[in-house]
Every structure is written in structure tokens, then in C-alpha cells.
Amino acid sequence: MNRSLRLAYVLLAIASFTMLAERSQAYDVEADSTTNTVFVLLWNGNPAASFESITISEALPAIVTQATASIIPASVPANGSDLAAIDFDVPAGAALGSSGDLVITVSGSASGQPIDVVLTVPLQVVATAPAAQGVVGVGIPAPDPGGVDSDADGVSDALEIAFGSDPFDPASMPGKTVSVPSLEAIGLTCLAALLMLGSVWLMRRRPPQPSVP
Amino acid sequence: MSAVRRHWPLWTVVALLAATNAHAGDPTRIQLVADIPALALSIVDASGAISGEVDGIATDALAGPNPGEVIGAAQLGLSIPTTSGVVTWGHRDGTETFVAGLPAMDVDGSYADPFPGAILEKLYNPPIEFDATGSNNAAQRSVSLAVRIEQPSGGTIVVWKDIVLVKPPVVLVHGISQNPSAWAGFENEFRNNRGFKTFAVDHSGGSYTSGAPTWGGNGDIHDSYQFVRGNMPGSVGVAEALARFRTGDATAHAGLKIVVQKADVVGSSYGGLLSRWYVEQAVDYGDDVRKLITMGTPHRGVPATNMNAQAANDDVIANASSQLFSPFDTMAGTLQLIDDLGFLRWKQDPMDPMNDDVVPSLQVMTFGSEVLAQLNDSAPFRDDVAYGSIVGIEDQLDFVVFVINIHYDLDPVVSLLSEQKSYFPMMPILDAGPNDSDAVVPIWSAKLPARSTEVLFDHLSFHDSATVQNTVSIWLQDSTLPLGAAHRTAFQAEVIDQYTSRENAYVGSTLVGTESVGGGLVEDAIVQVKFSGPALTEVGGLSALGSGGGIVTATMTGMVRVDVAGVPQPETVTLVNDGTFVDTPLHAVTQILDPGTTPAGEFFTFSIDASFSRGQASIVGPDGSVAGTGIWSVGYEISAAPDYTQAPWTDIDFLSFVLPTIFVPGESPPFSVGLAPGSAFTLEGTVNATAAGAATQSVTSEIWEANFFFDTLMESRSFNVSMPAETISGALMPYSEPGFFLFKNGSGQIEGSAGSSGETTGDFYQFLIQPGASNPSSDSVTVTVAP
């Protein structure tokens, strides 16, 4: 591996870190709450293989008494999406400020390749939690198999609205639209972009090859 | 699964909130997006021998001599497509949870970085052994290789594949006069109960494309090793076994493509030598053997094959009796019977008495053969192959109605009930006693020094022995089975002490000074007597001692044990005439032999000359005589304790005594005589020696004319015969006396100095007058007068 390529990997890693940093905040839950729900929009990036044989399992933190998958799609079509949901309960005795990770594993396979999608959902017990958090649009998401997909981006109009993206813009996808970016995240992202540009500049500055006589 | 849409009226929600707010928390809704990437873990054969995705890998590595060193191994090439995120290679544990890395190399194998820093690809090395404890009898077990990608967009992806680990293929190589069916029980056990995929080589013939015959598994090692190599039609050898693993053949791991580089080989008897030749000598060795386990393989030869070879091309041995059937059958007949029964092929064409070629395998396994020398002398064993040997010590082949130890029972002996004299006196010693061989191969030949085990089974019983099967199964999964280098030094340094080459190296060797040179238990390696002397001629294929007489020297070569190291010892070797019940000593020679540096108890050679001759109707030696002419056998014995050995017996035809007729040098009878002085006759013949040693003995020879009533003395002469120092009393010693004359007298009749015939033609003969014996006459020749 040449030096420039190695540098590009390093920069890519830094860029990845900035995006993860944005998600390091915990989601708020209230003590003694039932039927809290995690909606997961499953986006299958496989161009020709559906995501099949889907199962969902959960690993519970101390502040969750039980979790149950309430929506499990039979399959997610190639270049398409579908909705999964997990309901969970927070016990009455959960102390304010206590926290833990609810780990949700969506298992399935695409074209014979088994894949686990592991979602770590950090939770923190607060006095009053927002009704909706994360990638939020308008309304409550609901499975919409065969629903109208006006921009043909693989996510139905109803789910795009629920997850806050533009159903008529194929470039606008749930999760890909930063709805409420923090200043810190913007700053780090810009820094990453500058560094990546720098790496491209460095790669272009490779010394010219000696000419063959 | 269908989901329930929540079409609840707003007032209901408000009412519920109002009702529960006082004593319970409000539920929250968390919305996430998870990308399922187009991401597949690709697992291929790193060697490229298999195209496309593979299902598993054989544990076909060896532990090197240094800590942590691994010799050769199949490897898997693992890769994932370009992705963003933090990539971690690992495995899924028993709870299907991703764990970074592989916990224990000797159980799960290990990852290697073909290109350091290339995070998207790895090499996977399987554990050295399928099961380090050697006790896992499963055909396969699985390892879940997995990659975790922490996506920058959120969520962690884990992709994995379960691969199977399997034991390397086991190639079985049968021995001489066998075929793959010899392994039936062994294969049944290993395939069904011990989780191995076995493949039995068939080098018994019928499909060999090189054109060289294999004679039922007795083929030439230079050709037959190709069956082990495994590219012969109709036979599954190493190459074909590996191919079947790779293609998921029904005889391998059906439907599973298994990456594999090397096979294990188990060779029985000659099959072990074929395998060693392929691995260690073949120019086209495929670097594809991991372990080689031999069972009863004669790494240093089988002494009995020397006898077999000798029986095929030496009439003395062929016509000797075998201990097994003495005195009812000869060695040739016994071997023929064994051949007919299918136990042992010995001649290339047993039905053709004119074809004396033994099968090549017996030539290979002959003690001291060229092939064994090539295998063992310079650099035996490979450093990247592990070896072990199973050594049998049950020295009786059990054929239910009788048992056989070939070193004793196929020992060719003189066909006398009372005297079981061996032509290979040292052969039983090579198999030194109870439990010193498997009845065919001696321990010293079958044993590989760094790893061997002795089992109480005979040469034909290894395959179906549970003990042997268990040992082989353990060794095939034992990472400490010693590499070739661990065997080599000890193998070459090993002194095959009193049982083997040392005492036999002298047999048939040539004495140069006090040292024996050459020899070995080879074709001519029998204790022998060679005769020399001008009087011994060949008549009808036999050595004959005719009326010419003279002293025959018997050079007797053999071995005696050293009584006390470094001390010259007297030995009496006696040339004997072979009697039906009692042998007659002809000449006992005592010499003080110097054993040189030969240790006590071992053998050293002697070469002693003795002499014998004949009388008119007897065999005579300085120490005795036997009356009679005809065919007699002579040989030698050392009968003084503690030595006892015999020579092969040589038949000599003692022809009837004939006194030579008179003759004229340069003429053919009838002789014609002219006027005085006429024709000169030389009278030749043999005279009976009256004393031993140098002497002058006076005799009278006469010419007589034969008449109807009274013969007429024509010429008479007394003269002295010089006897040499080696003269034996009673032996016929030659004389040649010229100067006898017959001539035509004035009357035209034949006349001599002592009388006249009175005739112009007549029959004349020689008459010998000798002291101490009867006076013989010769036949007559016709003499006429010249016109």
C-alpha cells in the first residue's frame, strides 16, 4: 500500500469517528414506562438480493425489563426498505440518570451470506422524555409494504415522511438528511472534509515518473 | 409479519395520557435507520487449486521443530468488499456472539495478514491438528469465521461463514501380493468410527499405464511408486485423494469443497517402501504428503528375500529342502506352493522353470539391495514429513492348521532328516528369537527410531488389529509425531548389532589381509566352498574328478564367532564327504584365526584351504577316505562348540578309473610303425601314491600285445614318479613316461625291445605295475607295420 492510500484510510477513519461521535448521546426514557418502541427502518443496499430469514434478538440493560420485537418483516427487497420495531419496558424503580445500552440484533441473510445488523441503543432514565427521538419525521412509522414510492428511492412515501426525508427527492433518504445538526458535528465534518481534500491533493502531488529513454 | 397501524382517535390518546401521567412514565419512540450493506465474506482456496467459494479446510499442517513453527498448510483466503467503517476480524462463539480474533490456534486456527494493513483481507491457517487430543472421532467440526464492520452511519454489521475443519485424507498403500481389500476392515473402522476419509491405493496391477507389470503388487519400486503419487487410472493415490477433497466427491466430504494441500499416508510392508520412495526419491514428488506411517515395513530389508532370490537362480538352493516341508519338497517347490496358494509371488513367471527372474519387490527388499542403499544411506527421510512405525513382534504367521516364521521355515536345508543343515546358516540368527520379528520382517528392519511402537501382531495381522488402528488414529492427529530429521541421525547411527549386517556382512565377502571386504547378505552370500586344481573338470554340468587324479584344493569361506575379543582362536574346519547318516571327514584343517577388532560374540570370516583326491575306487583325503565311485557330495563343517556351521554341498562325479591307452604323439590310431627305431610311445596315467608328502615313487609301465591265449610283453620300463608335497596317500598321481618303442623288424613283424608279436598287425595295451594297489590295464589300440 502506498503512503497516500494509507493516509486516505487514516482520514476515512477520522471521518467515521466524527459521525459516530454525533450519536454518542443517549436516548431518553422515563421510569415505569411501557411500550417504548424502537422503530428501525431496514435499508437493504444489496442491489440484487433481498434480505431474508429475518430474526430479531435483544440484549437488555438493567433499566429495561423486557423487550419484544413487535414488527419483523418477512424480507426486505433488494434496494428497498421495510420496517422493524421492538417494544421495551422501563421499570418503575429505574433511578433517574441511570443508563444502559439496549442492543438489538437484526439477523438475516442476503444471497446466502448471513448478516447481523447490531444496533446499540444507549438509554438514559430522565424525568421527562421526548415522545419521539432519533430520525424523526411526521407521524408514527408503520409498515408500508407495496406503498407508493414517488421518487423510486426504495423507501415508500409514508416511511419517508415518518422518518423525515423528502419523498419526492431520490437524494433525500431517511438518516441521510441531517435534520438538526449540532455545531460541533458540523465543525468536525468540515475538518474531515478538509483533510480528505488534502489527501487528494497529496496523492496528486506524486513525483513524475522518470521517462524511459 | 403484519404490523398494526395505530389509528387511535386523538381524544383517546389525550385521555390515556391524563390517566397514566400521575403514576407512570410516558413511552417514547426512538426511530433509527439501519443499512444492510451489500457485503459478503468471501472464502476461497489461497493456493488457487479450487476456484470459487469453498466450504472447509483440512488440518494438514505439521508442527515445526521450533516453538510455534508451522510447516506447510492449506490456507483460506478471506476477503470482504470495500467498505467504510472499522473492520474487525474474529469469529462467532458458541452463543453466536461476535468475538474479535481467534482464541486458540491449536483449536480454531489463526488469522494471518498477507499484506500488513490490508484490513479487507486475511489468510486463515487451520489448527495443526483436527483435535489436539487426538480423541475426536468426528469427520468434521465447524468454525464460524466472522467480520465486524462498525458503520459510520450507525449500526454494526457482522457477517460470517461457518467453515468445516476436516482431517487430511489418509492414503493406504498395501504390501506385496495384496490388493486394496487388505484394508477393508481398517477402512471400515477409520471411515465409520474415527472420522477419516481413507483411500486405498491399488498397485496390484491391471491398470498400469507405463507398461511395466506389477505382478500383483510386486512391481518395480521405480515405477510402482506412481500409484502412491496417485495419478494412475483405477487407483486412488495421493493426488486423486486430494482432488476428491477439493471437488466434494462422494468418497470425500460429499458436496463440500475442502481446501487441502497434503495427505497422510499409511503404508503396509512394501507399501511403506513405495511411499518412502515417492516422498524421498521421486523427482516428481508433489510435496503433498504430511505424515507417513509404516506398518511392518522392511526399511532395512527382509533377509528371507535373499534366500527367495537365491532359490530362483541357484540350483543348489532351489533343490534344497525347506524346513517347512523337509524332506518332501524342495525350496523351489515350497515357494511354488506358496505362490499357488496366493501368499507370496516370488518369480516373475512361476510357471516357467527357465525364467529365473524374481519379482522386483523381492529384489528391492533384499538385505543390502541397491534400492535400500539409495533410500537409507545418504539422506533418509524428509524434514517436512513426519514418520512413525508400527513394529510387529508376533513371530508366527497363524494359518490355523500351521504357523510359519519365514526365517526359520523357509530356511533351505540339506534334505536329510537327520541333518538339517542350512544353506543360510545366519538367516535364523537375523531373526534372533521369540518376538524379534513379525514372522517376516525383523524388528531391526521395521523400526524407525524416533517413533515406533511394538505390537504383538504378525505381519499379516496389522490391518485389522484394534491396537494398531488406535495407534495410527492417534498418530494421525499427533502434532509431535517426529519429522524426518528426528529419525535420520539415529537411524543411520544405529548399530544393527548381533542380529544383522555385521555377522552377515562377512558372508561371501573377500578377505583382503585380515579384513573382509564387500559381501553382505547378497546373492552370493552363502558360506561356500570353491574347488580348484587342474584335475577337476566339468562333465555333464557336474564337477568331475576323473582318472587324471591330482590334488584338489577346496577353499572354504565362512564365519565363526569370536570367543574372546582380540584373542586369536584356533578353529578346525573339516572338509567332509556327505554320507547318508554319517559324514566322512576328508581333511580337517586347524588354523589359528585372528578376529582382529571384531567384538566377542560376533562373527568374523575365515578362508581355509583343504585338499582331497581320489584313488582307483575311492575318495581320499589326508584324514579319511570313502570307497566307491559315482556322484558324491562334499562340503565342510565347523563342529567344534560353540560354532556350528556348514557349507552348501557340492556334487562331484568320481568317474570310474581308466588307465590311458598307449599313443604316439601327433598321430591318431591305428598307429603305423616302421623300421627300427620305429615309433616312440609315451605312456601316461596315474599311479596310486603310497605315502603322503613329497616323495619319489618307483613304478613299472609295460606295453603288451593282446592275444587269444597268452599276451606278449613288448616293452617294459621302470621309472620314478615325483610326488609333490601335497600328495595324499592313496591318491592317484599322474605320470608321463616317453621313450617306449615299437618297430618293424626284418621279418616285417611288430617288435619291441622285450619281445616280438610275430604279426604285422595287433592290439596293444598299457599295463601298470604299482606297489600297494592292484595293477590296472588300459584298453587296446591297433598298431600295424608300415608297408
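Values quoted throughout were computed directly from the atomic coordinates according to the rules given, and no laboratory measurement underlies them. All of these numbers come straight from a predicted model, not from anything done at the bench. Note that we place each Cβ from the backbone using ideal geometry, even for glycine, and neighbour counts take in every protein chain shown.
Selection among B:Ile258, B:Thr294, B:Tyr278 by position relative to the dipole of the stretch B:212-302 gives B:Ile258 as farthest towards the positive end (Cβ unit charges, Cα centre). Working note: 222 nm ellipticity from helices only, DSSP H runs with n ≥ 4, each -39,500 (n - 2.57), summed and divided by the residues of chain B, gives -4000 deg cm²/dmol to the nearest 500. Computed about the Cα centre, the dipole magnitude for the stretch B:159-252 is approximately 380 debye when only Lys and Arg (+1) and Asp and Glu (-1) carry charge, each at its Cβ. With distances taken between every two different alpha-carbon atoms, the stretch B:50-149 has a Kirkwood hydrodynamic radius of 14.7 Å. In the stretch B:22-123, a dipole from Cβ-located charges (positive for Lys and Arg, negative for Asp and Glu) runs towards its positive end, and of B:Ser51, B:Val107, B:Ala24 it is B:Ala24 whose Cα lies farthest in that direction. Annotation: average projected area of the stretch B:187-268 is 5.7 square nanometres, based on the convex hull of Cα atoms across all directions. Angle of helix B:466-475 to the longest C-alpha principal axis of chain B, folded into 0 to 90 degrees and rounded to 10: 60°.
How big, in percent, is the set of alpha carbon pairs in the stretch B:542-685 lying more than 28 Å apart?
The calculated P(r) of the stretch B:542-685 puts 40 percent of pairs beyond 28 Å.
Peptides B:190-200, B:665-675, B:710-720 ordered by packing proxy, namely the average of other Cβ atoms within 10 Å per residue, highest first: B:190-200, B:710-720, B:665-675.
Note on chain B: dipole from Cβ charges, positive end direction compared against B:Asn577, B:Val70, B:Thr453; the farthest Cα belongs to B:Val70. Counting Cβ atoms of other protein chains within 10 Å of each residue's Cβ and taking the mean over peptide A:44-55 gives 2. With the Cα gyration tensor of chain B giving a ≥ b ≥ c as the square roots of its eigenvalues, does the rule (a/c under 1.5 for rounded; else a/b larger than b/c for prolate; else oblate) give rounded, prolate or oblate? Prolate, since a/c reaches 1.5 and a/b exceeds b/c.
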